[in-house]
1. Give me the distance between the Cα centres of the range 176-190 and the range 116-146, rounded to whole Å.
2. Tally Lys and Arg at +1 and Asp and Glu at -1 over the other residues with C-beta under 11 Å from the C-beta of GLY187: what net charge comes out?
3. Using every Cα-Cα pair within the range 134-257, state what percent have a distance larger than 21 Å.
4. Roughly what angle does helix 23-37 make with the longest principal axis of the chain, taking Cα atoms, 0 to 90 degrees, to the nearest 10?
5. Residue by residue through the range 201-209, what is 3J(HN,Hα) from phi via Karplus (6.51 cos²θ - 1.76 cosθ + 1.60, θ = phi - 60°)? Round to whole Hz and write x for glycine and proline.
6. Can you give the angle from 0 to 90° between the axis of helix 149-160 and the longest principal axis of the chain, with both taken from C-alpha atoms, to the nearest 10?
7. Once the convex hull of the C-alpha atoms of the chain is built, how many Å³ does it hold per residue, rounded to a whole number?
8. Could you tell me how many degrees, from 0 to 90 and to the nearest 10, lie between the Cα long axis of helix 55-73 and the main elongation axis, the longest principal axis, of the Cα atoms of the chain?
Amino acid sequence: MELLRSLAPGEWEIQTIAPAWRVKDVAAHLLDTQLRRLSICRDGPRPNVAAPGSPAEVAALVNTLNREGVTVYRRLSPQVLISLLVWAARESADYHMSLDPFAEAVFAVSWAGEERSANWFDTARELTERWHHQQQIRLAVHRPGIMTPELYFPVLDCFMRGLPHAYRGQDGEPGTLARFEVSGDCGGRWFLHRDENAWRLIDGPEGQERSRTVIPQEIAWRVFTRGIDRTAARAQVTVTGEHELGLHVLEMVAIVA
């Protein structure tokens, strides 16, 4: 809210790294998604649309709903938009705090390959949504990003839970280990281990390390939210060991659409 209140009139129309959205569009999207989630998850009525049956249909539906919401709410003045965002944020925070974190969420975290998710993961996913969109605005208007361990590390940790799903098609002998690091004060290390049947995240190094990938924290969030092209990202990422295995992380997407 402090960021939005600080914007000059012309800054609301600056292009962001999201190709179809300017700053005001991103703010409108943040309002739309909070209101939509409260309406569906807290209050009950669902959109009057056919239930999607495939990941492509889910993405198409989300894109349509996002586009429609932005079209409506970008018509508002910045002052009205901010006032509604303040209200929606408080209502959303109260709603998430009211949930049993281990009960089943209304929406599964599909980009992690889950058909059912616990509320804690859905809430973490919501944090990544809020964080990366405000970061898009900060990048566009040249304001410092919120690169603090308290707020950014949980976003990265949530994103990395998509690694087993992203690597499901990659070959690996049982016992293979791929290590991923995000450099910087907000970063960390994650370990992807191949057992007899699948890739799994584990707490520490185990097995034969075949690749180590280091991603700068400045671009990590952009890699997983389609905010940087693969060629530009690859130039800033360091891989030791099996390059193909280590670089596949650049294909991971931790947003629905």
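1. A separation of 20 Å, based on Cα centres.
2. -3
3. Working: 2795 of 7626 pairs.
Roughly 37 percent, once rounded to a whole number.
4. 90 degrees
5. For the range 201-209, the Karplus-derived couplings read 6, 10, 7, x, x, 8, x, 9, 6 Hz, x marking Gly and Pro.
6. 60 degrees
7. Numbers: hull volume 34.9 nm³, N = 257.
Here the figure is 136 Å³ per residue.
8. For helix 55-73, the angle is close to 30 degrees.
Every number in this text was worked out from the coordinates using simple rules, so none of it is lab data. This one's a predicted model, so the numbers in the text were calculated from it and none came from an experiment. Positions of Cβ are generated from backbone atoms using ideal geometry, with glycine treated the same way; all protein chains shown enter the neighbour counts.
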